[in-house]
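Step one of this worksheet: look at the structure below.
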Amino acid sequence: MGGDGGTRGGLIVFSYFLRKILYAIPVLLGVNILTFSLFFVLNSPDDMARAQLGNKYVTPTMISQWKVSHQYDLPLYYNETQTGLAKWTDTLLFKKSLAQFTFQFGNSDQGRNINADISQRMWPSLAIAVPTLILEIIVNIGFALMLIFFRYTSFELTAVLICVALMSISGLFYIIGGQYLFAKVLKLVPISGYETGLDAWHFLILPIMIGVISGIGSGTRWYRSIFMEEISKDYVRTARAKGLSEVAVLFRHVLKNGMLPILTSVVVIIPTLFMGSLLLESFFGIPGLGSYMIDAIRAQDFAIVRTMVFLGTVFYVLGLILTDLTYLWVDPRVRLE
Amino acid sequence: MHPHRNIYTASQNDAPLEDSLSGASLSAGSREGVAASFVATSPYQPSPHDYLIQHLSVGTCTQAEQKIILNDVNLAIPHGKTLALVGESGSGKSLTALSIIQLLPTGLAYGDKSQIYVDELSILDLPEHAMQQVRGKNIGFIFQEPMTALNPVLTIGQQLAETLTWHHIAVQNISSKGQVKSYINKAFSNLQKDQYHFLAALLFSLGITEPMRCLHCYPHQLSGGMKQRVMIAMALVAEPSFLIADEPTTAVDVTVQAQILSLLRQIQKERALSMLFITHDLSVVKQVADDIAVMYRGQIVEYADVATFFGSPQHPYSQQLFAAIPSYEKRGCLLPVLGEEGGIKLSPLSKEQDNQVLLEVKDLCIYFPIKQGLFRRTVEVVKAVDNVSFQLCGGETLAVVGESGSGKTTLAKAIMGLLTISSGNILYADSAVEFSKKSDIQMVFQDPYSSLNPKMLVADIIVEGLRARGERIKNAAKLPAVFKLLDQVGLPKESCNRYPHEFSGGQRQRIAIARALILSPKILLLDEPTSALDLSMQAQVLNLLKTLQQELQLSYLFITHNLSVMSYFADRALVMQNGHLVEQGSIESILFSPEHLYTQTLVKYAQV
C-alpha cells in the first residue's frame, strides 16, 4: 500500500460520499413536499386556526386574524398578487416547508421559537438515548455470546424461551412495572421528573434501565442468530484446528465477524437518537424531544410536528450514509470501485 | 500412554472378516454390499512412532436410532510417509480427519474401542484443554476451501501469528532482506517483529514472492493458489510432525494444483512430516502418496502401497473407480457405472455427425467497463472475451477448456444472449440469434445444488421453459412430455412431485438436463456439468449426455477445465486463456500435438 494508492483511494471515497449526499437531496425534497401536502392540503390553515382557537364561537374574522398573525394567510404554492420570483417564494410551500432546508424553523403555532426549544430539549433526550444504546449493545452481545457458548444445551433452550417471553411483553408493562417496583415500593428513585446538571442521574437511571431491559429479549435473540450463523462457518473450524479454546474462538473470530452486521444496524440509528424516545420521555416526564413531539401532537401544533418529521428524515438519511462509511471502515472486503 | 499396543495381528492381509468387524463397538448389521465383504488393513507392521488410527468408529449418539458413519477404520501413517485416503463424497474421509483432532460435528460420538495415537499420545483419552495443545502444535490441518477457511476480517499476518502466540512459541529473529527488515522495524513491537520475520520467511519458503506484503493482506486480496499456500503455512507455523490435508487442491485450477502438490511433497520431505492426504481424485494420489487407503461407506475397503494399488487394484470398488475415469481410450464407449451388476464392461456407442454449421461465432468481443469518479466515467475495460471465432456443427461436441477467469462462462452467457456483446456476431443457422430463437439453445449449469430453485417441484422446474414461452400449463405433474423426459434422463415418474433437495447431485443434474431438453433445443451449452460431481456421478451424467446426443442429434458446447473429461467426451476443443482463444482443433491434435505453449502446459499437467 503506497501513499499513491492511499490518495487515490481517498479520492474515490470522497467522490462516493459526495454522490451519496447529492442523492439525499431529492429524497429530502420529496419527503418535504409530501409532508407539506399532508399538513396543508388535507388540513387547511382554516382548520388549523379553528383547532387552535377552540371550536366554539369562532368567527371568520378571528380565523383570518389568526392566519395573519401566524403567517398562514399566504396562498399554497403560487402567489398571483406578487411579481417575479416572489410569485413562488411568497407562498406557504416556500415559507413554511422548503424553508426548513435552512434549518431555521421559526415559531410554533403557539408562538414559541422552535430552534431554541430543540437546542434546549435535545440534551435530556441524548442523556437517555446514548447510555441506553451503549448498555443495550454490551448487554445483548454479552448474553448472545453466552448463549452461543452453551449452544445445544438445555440452558440455551431455556434462555431462548425467556427471550421470547421478554419480547412478547409490551413496553408499557416494563415502564409501569419498573416505576411501581423501584420508585413506589423500593423508593430508590423518583417516579418521574427531571433536573438540569449532574443531579439529573436520579431521574435518568430508571428510564435507561427500563430501556435496556425491554430490549434484551429481541436484541439477544437477534445477535444470537447472527453469531450462530458465523460459528458454523469454515474459518471457525480452522481456528479450532489451530488449537484455540472455545472462548478464544468466540472472542477473536466469531465476535469480530458478527460485529459487522451489528455495527451497521446500530450506526443507522445513531443520528436519530437526537429525536429521543416518545414512550420513555412522556412516561418519565423528561423534557426531551420525544415528549416535545407528543405534546405538540396533543396541542395540534403542527409547526413543531412538521419540523420533527423533517429532522427525522434528515437524521435517517445521515444514518444511512454513515452506515456506508462504517462498512468501508470495518469490513476489509468492501471496496469502492 | 500405550505406544506399544499393536493391534495388527501377525498376518494382516488375511485377517478373517469376523475379527476385523468385531472391532466396531456399534452394530455393523445394517452394512451390506461390497463394503462389508472386504475389510482391508495396513500392509505394514506398525512401529511405535507411527501415527495410528485403530478401530475408529463414529456414529450418532441418540438413543432412538444408532447410525454408524465410520466403521472400524484402521490406518497407520509411518514416520515421514504420506497416506492417501481416497473415496467419494459422503464416504467418511473428512470425518476421519476431523475425528483425529477431536472436532466431531455436534451429535456424533466415538465408538468404545476407538483409539488414535499421535506422537505417542492417546488422543481420545485427552481432555479438551490438553487437546487444544495438540491441535495446531502436534497436528497441522490444511482445509479444502481456502476461500472460506480463512477469516475474512483478519489479515494473513494476524491469523498466522495467532497460532504462534497461542502456543507460546518463541521465534528467533531470522535475518531477512534489508528492505523488508527496515519496514518491519518501523511498524511493529519487538515480539511482532520477530513473529513477522519468521512468518515472512515461512511464506517465502512456500513460494510466496512478496511475503511481507502478503502478511498485511486480507484473504480476499489473494488468488486461490496464494490462499492455499497461506493455508499450508498456517498448518506449518507451529512445526507439527503430522499434517492432515483435506482435499487441498480441489478448489484450484490444474496448473495451480500441480504446484501445490509438488510443494506439499517438498515440505514433507524437508521436514520429515507424516501426512494424511485426503482426496477423491485418484490422479493426484500418485504424485504425493506412499500408501493408499480406499474408503467406501465409512469403511476401508482396500489398503496398499501406491505402486501395488495402481498396478492391480484388488477390491471391486477400487476397480470400478479406475474404470469410471474418463479418458481418450474410452471414447466411443459408455463408462461403466459403479455398483452395477456384472462387472465392468465398456459398451460401444455409435455416433452420427453432419457437417452443417449450426452456430457460428465471429470475432466476438465482450468488454466490461470499469467506472470511476463522481460521474461514473469509464476509465478502463476488462476484456473478458477478446476476438473469439469458432463454428459448431450439428451433432458435434465442442469443448471449451481453460482455467477459471479465462472467459469460458462469459462466452457461454453471450451465446445465450444474457450479456451485451461489445462487437462481433453470433450467428445461429445463418441468422443472428434472436430472442425467439432462444429455445433452440439451452444451458445446463455447473452446480446442480444451487442452480435449481429449492422451492419449486421438479415438474414445475422442468416445464418452466414452456411457461416462459407463453404456454399455459395448469398441472405440470400430469404432462406426458414431462414423464417422457424424466424417463429419458433416467429418473422415475414419481420424481415429478418432489423437491430438488430430495435428490443427489447426479440426479439433480439429470433434472437440470431435463429442464433444458423440454424446449427440444438443438444445442446444449454445458457449463462444467460434472465438476461438482463425484467420479461415479460424473460417469453417469457423461453417459446420459452421450446417449441423449445419439437419440436427439444434439450439439454440445461443453465448458470444462478437466482435460480427461474433455478427451473422453469432446470431438473438437477450444483452448482459452485470459479471454483469448489460443488454440482450436480436434481432440487428437490438442492432446498429441499441441502448438500453443499454454496448451502444452495444460496437457502436460493433465498427464501426470
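Side notes on the structure shown:
- Amide hydrogen proximity for B:Ile142: with H placed 1.01 Å from N in the peptide plane, the residues at 5 or more positions away or on another chain lying under 5 Å are B:Ile244, B:Ala245, B:Asp246.
- Cα gyration tensor shape of chain A, rounded if a/c is under 1.5, else prolate or oblate by comparing a/b with b/c: oblate
- Coupling constants for the stretch B:588-598 follow from the phi torsions by the Karplus curve (6.51 cos²θ - 1.76 cosθ + 1.60, θ = phi - 60°), and in residue order they are 4, 5, 5, 6, 9, 9, x, 9, 6, 4, 5 Hz; glycine and proline get x.
- Available extension along the chain between B:Gln391 and B:Leu124 is 90.0 nm, counting 0.36 nm per residue and deducting the alpha carbon span.
- Buried solvent-accessible surface, both chains (B, A), 1.4 Å probe, Å² to nearest 100: 2800
- Loop-resident chymotrypsin sites (Phe, Trp or Tyr not before Pro) (DSSP state other than H, G, I, E or B) in the stretch A:106-169 with no more than 16 further Cβ atoms inside 10 Å of their Cβ: A:Phe150, A:Tyr152.
- Averaged per residue, the stretch A:172-285 has 46 square angstrom of accessible surface, using a 1.4 angstrom probe with ligands and nucleic acids left out.
- Karplus-based coupling profile of the stretch B:89-105, in residue order and whole Hz: 5, x, 7, x, 4, 5, 5, 4, 5, 5, 6, 5, 9, 6, 10, 5, x, with θ = phi - 60° in 6.51 cos²θ - 1.76 cosθ + 1.60 and x standing for Gly or Pro.
- Note on the stretch B:357-606: dipole from Cβ charges, positive end direction compared against B:Gly424, B:Cys496, B:Tyr367; the farthest Cα belongs to B:Cys496.
- Charge tally for B:Ser114 (other residues, Cβ to Cβ under 11 Å; Lys, Arg +1; Asp, Glu -1): -2.
- In the full protein context, the stretch B:44-142 carries 37 Å² of accessible surface per residue, based on a 1.4 Å probe and ignoring ligands, DNA and RNA.
- When you restrict to C-alpha pairs under 8 Å that are six or more residues apart and normalise by the size of chain A, the relative contact order lands at 22 percent.
- Net charge, A:Asn32 excluded, C-beta distance under 11 Å - Lys, Arg +1, Asp, Glu -1: +2
- Cα-based Kirkwood hydrodynamic radius, the stretch A:150-219, one decimal, Å: 13.7
- Of all accessible heavy-atom area on the protein assembly as shown, the percent that carbon and sulfur account for (1.4 Å): 58
- Helix runs (DSSP H) in chain A reaching 30 Å along axis by Cα, Kyte-Doolittle at least -1.0: A:3-36, A:114-149, A:201-231, A:302-330
- Surrounding net charge for A:Ile226, when Lys and Arg each add one and Asp and Glu each subtract one, Cβ distance under 13 Å: +2
- Coupling constants for the stretch B:206-221 follow from the phi torsions by the Karplus curve (6.51 cos²θ - 1.76 cosθ + 1.60, θ = phi - 60°), and in residue order they are 9, x, 9, 6, 10, x, 5, 5, 4, 4, 9, 8, 8, x, 5, 7 Hz; glycine and proline get x.
- Spatial separation of Cα centroids for the stretch B:206-282 and the stretch B:82-126, in angstrom: 22
- Residues whose amide H lies under 5 Å from that of B:Cys393, counting only those 5 or more places away or on a different chain, are B:Leu358; hydrogens are built 1.01 Å from N in the peptide plane.
- Extreme residue, positive dipole direction of chain A, given options A:Val164, A:Phe227, A:Leu244 (C-beta unit charges): A:Leu244
- Beyond 29 Å in Cα-Cα separation lie the following of the pairs B:Lys413/B:Lys474; A:Lys20/A:Lys95; B:Lys227/B:Lys362; A:Lys242/B:Lys193; B:Lys93/B:Lys286: B:Lys413/B:Lys474; B:Lys227/B:Lys362.
- Between amide H atoms placed 1.01 Å from N, distances below 5 Å from B:Cys61 occur with B:Ala109, all of them 5 or more places distant or on a separate chain.
The values are calculated or read from the model by the stated rules, or taken from the named source; none is laboratory data. Nothing here was measured: the structure is a model prediction, and the numbers come from that model. We place every Cβ from the backbone using ideal geometry, glycine too, and count neighbours over all the protein chains shown. All accessible areas refer to the heavy atoms of the entire protein, side chains included, with ligands and DNA or RNA removed. Shrake-Rupley method; radii C 1.70, N 1.55, O 1.52, S 1.80 Å.
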